[in-house]
Structures are given as C-alpha cells and as structure tokens.
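The values are calculated or read from the model by the stated rules, or taken from the named source; none is laboratory data. The shown structure was predicted, so the numbers you read here are calculated from the model rather than taken from an experiment. Here Cβ is always computed from backbone atoms with ideal geometry, including for glycine, and neighbour counts include all displayed protein chains. Ligands, DNA and RNA are excluded from the accessible area calculation, which covers all protein heavy atoms including side chains. Shrake-Rupley method; radii C 1.70, N 1.55, O 1.52, S 1.80 Å.
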Amino acid sequence: MSIDSAEDIKKHVKVYLMVFAALMVLTIITVGVASLPLTIPFAIALALVIATVKGSLVASYFMHLVSEKSPIYWTLIVTAAFFAVLMFVPLLAMLDGIRLER
Amino acid sequence: MEIPYTVDIRPDTGLNNVKLGIWLFLASEVMLFGGLFSSYVLLRVGAEAGTWPQGAEILSVPLATFNTIVLISSSVTMVMAWASLKLRDLSKYRLYMSATVALALVFLIVKGFEYADKFSHHLYPSESTFLGIYFLITGLHGLHIVGGVIVNSYFLLPGVKMWHTAPERFTNRVEAAGLYWHFVDLVWIFLFPVLYLL
C-alpha cells in the first residue's frame, strides 16, 4: 500500500475504526440470524453472505487490498480459481452418489 | 550480504519482496484451508440425513462469539500497530502490539477451555465425523494463532531493535506479520458460522 504522509495514515486509522464497528455489528447479526427459524439452505446461504461481507472488509481495508498492485491481484485471482475448483469437488462427489458413514 | 528489495520497490513487480512473498505464502494458506473447507462440505452433504449435528447442539456459541470479537479486536490492534510505526510513534506501536499478543492469548485460553469441556464430556475427534473435522480445522487454526503469537512477540521484544537501525524495513516486517494475522482472523470469520451456527 502506498501511503506515505501522516495525514493519509490518520485518515486510514478512522477507516479502520469504522470497519471494526461494522465487523462487530455483523458478528451480532450473524448470531442473531442463526437463532431465526429459517430453512437450512437459506440459513447457510445467509451466514455465508454475512461472512463474505466481513471477510471482504478485513481483506479490503486491514489487508489494504483496495489499493494494491496488480501482481497481488493476479496472485489472488489464480488462488480464487483453484479455490473454486476445490469447492466443486464435493459437488462432483455428490453427483457420483457417494454416501459417507457418520 | 544484504537482502535485496526488502524496502526498495522492484521495478518488475512494483512491490518489495516482503509484500509479494507474504502474499504468495497466504495464497498457499488459502489452498490449505480451502482443502479442509472442501472436506467439511463433502462430509456434511455426504452424511446420512439427520446424522449431522447442528454445531450449537455440541459447541458453545457464546464462547465462540466472544472469541470472534477477541480476534477481530486483535486485527484492529495489529493494523493500528503498523499505522503507529508509519506515524513514527514507537510507544504506541508497543502498546498496540502488546494488545494484539494479549488478545491472541485470550483467544487460545478460551479455545483451551472449550477443548477441555469437550474432553470432559468424552467428546473426542474419534466420537463422530463432525467432531473429527471440528478438532482438525480449529486445531490447525489454533496452531496458526500460536505461530502469530510467536512472530508478533518477536517483533514486540527482541525484533524491535531493528526500528533503531532500519525503521522502514522493520515497518515492512510488521506489515507482513499483520497480513498473516488478518488472514488468520479472516479464516475464523468463516469457521465461526460454518462450525458453530449451521
């Protein structure tokens, strides 16, 4: 991240505190939503959406991804592609009709 | 021999090697935890209907919520430690880094209580597939916390000497440690709902 002046850093500190507050609120919402009588697929989707928003805030602001250089983005795009492949493995296994014992 | 590009920007990447190196490491960590998440999904969707427990039936949601707040707070103190170095304020850096290490230790202690409670009820990894994957993923995450505590404690105590001789290089080191720490926080943000709430 290319931040140099003290003024820039002070502005970023304010953003960090706002992100912190947002993460706290979202954590409370996550727990609150889990106690609602929702169907399991909807509850899973909602919990993962909230977790994704929280994760994006951490990655964007605490890890400075909002203002990184392109080699970092390319590294993460390749990583995300392979991560997506990993997440498809269970789907392929389901289509194969595998059942596992408890 | 001096290590090149610890502070200077490489002309080909536009980054110093510290930044690129830590991101490549984190990319490998995404695949490590991704494999375990994938295994969790496979085990869960492959289980016989009604055999997979809801996390809250076995695990303590209040303790996990508390630990989530602790870990998010430690992420903030970590980024504030880095910002303090950028503002040339070493005493604030020490304060925030101490808080980061202390919060990490609180997380580990709470996790230790959780594990002890499970063991006291004879709930071991061998008890069920759910507990097996729970102990595996949270155990690996806990080891990452231990690693972070060691690195951050080093930068808090003996490693801080570098600030007096090479402040920019030290700041870059703390930034790299911070990126790792935020990643560990990010993993927990997903583990918490997946293991405890769903």
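Of note:
- Rounded percent of accessible protein surface that carbon and sulfur make up, the protein assembly as shown, 1.4 Å probe: 70
- The range B:1-147 - charge dipole about Cα centre, Lys and Arg +1 at Cβ, Asp and Glu -1, debye rounded to 20: 460
- Between amide H atoms placed 1.01 Å from N, distances below 5 Å from B:ALA47 occur with A:LEU100, all of them 5 or more places distant or on a separate chain.
- Net dipole in debye of the protein assembly as shown [+1 Lys, Arg Cβ; -1 Asp, Glu Cβ; about Cα centre; nearest 20]: 540
- Derived scalar couplings between HN and Hα for the range A:84-89 equal 4, 4, 4, 6, 7, 4 Hz in order, rounded to whole Hz, by the Karplus curve 6.51 cos²θ - 1.76 cosθ + 1.60 (θ = phi - 60°), x for Gly and Pro.
- Against the rule of thumb 2.2 N^0.38 Å, how large the Cα Rg of the range B:147-188 comes out: 1.21
- Under 16 Å from the Cα of B:LYS161 - lysines, other chains or at least 8 residues apart: B:LYS92
- Whole-number D in µm² s⁻¹ for the protein assembly as shown, Kirkwood Cα-pair radius fed into Stokes-Einstein, 4 °C, 1.567 mPa s: 63
- Histogram of C-alpha separations across chain B, 5 Å bin width, %: 1, 7, 14, 17, 16, 14, 10, 8, 6, 4, 2, 1, 0
- Neighbour-limited loop hits for chymotrypsin sites (Phe, Trp or Tyr not before Pro), the range B:74-109 (at most 14 other Cβ within 10 Å; DSSP other than H, G, I, E, B): none
- Partners for A:LYS69 among lysines (Cα-Cα distance below 16 Å; same-chain residues under 8 apart left out): B:LYS19
- Global size of the range B:59-142 as Cα Rg and Dmax, reported in angstrom: 16.4, 53
- Accessible area buried by the pairing of B and A, both sides summed with a 1.4 Å probe, works out to roughly 4500 Å².
- Alpha carbon convex hull of the range A:1-78, volume per residue in cubic angstrom: 75
- Put the Cα centre of the range B:144-178 next to the Cα centre of the range B:16-69 and the gap is 27 Å.
- For the range B:1-121, with +1 on Lys and Arg beta carbons and -1 on Asp and Glu, the positive-most of B:PHE37, B:PHE107, B:GLN54 along the dipole: B:PHE107
- Residue-wise HN-Hα coupling along the range A:45-57, computed from phi with Karplus coefficients 6.51, -1.76, 1.60 (Hz; x: Gly, Pro): 4, 5, 4, 6, 5, 4, 4, 5, 4, 4, x, 5, 5
- Computed from phi, the 3J(HN,Hα) profile of the range B:30-44 under the Karplus parametrisation 6.51, -1.76, 1.60 (θ = phi - 60°) reads 4, 5, 4, 6, x, x, 6, 4, 4, 4, 4, 4, 4, 5, 6 Hz, with x in place of Gly and Pro.
- Considering only B:LEU90, B:PRO11, B:PRO158, the residue lying farthest towards the positive end of the dipole of chain B is B:LEU90, judged by Cα position with unit charges set on Cβ.
- At R0 = 30 Å, FRET efficiency that the Cβ-Cβ distance of A:PHE88 and B:VAL146 yields, to 0.05: 0.40
- Just checking the listed ones, B:ASN17, B:ASN152, B:ASN172: in the Gaussian network model of chain B with Cα springs under 10 Å, the one fluctuating most is B:ASN17.
- Computed Rg/Rh of the range B:98-179, alpha carbon atoms with Kirkwood Rh: 1.17
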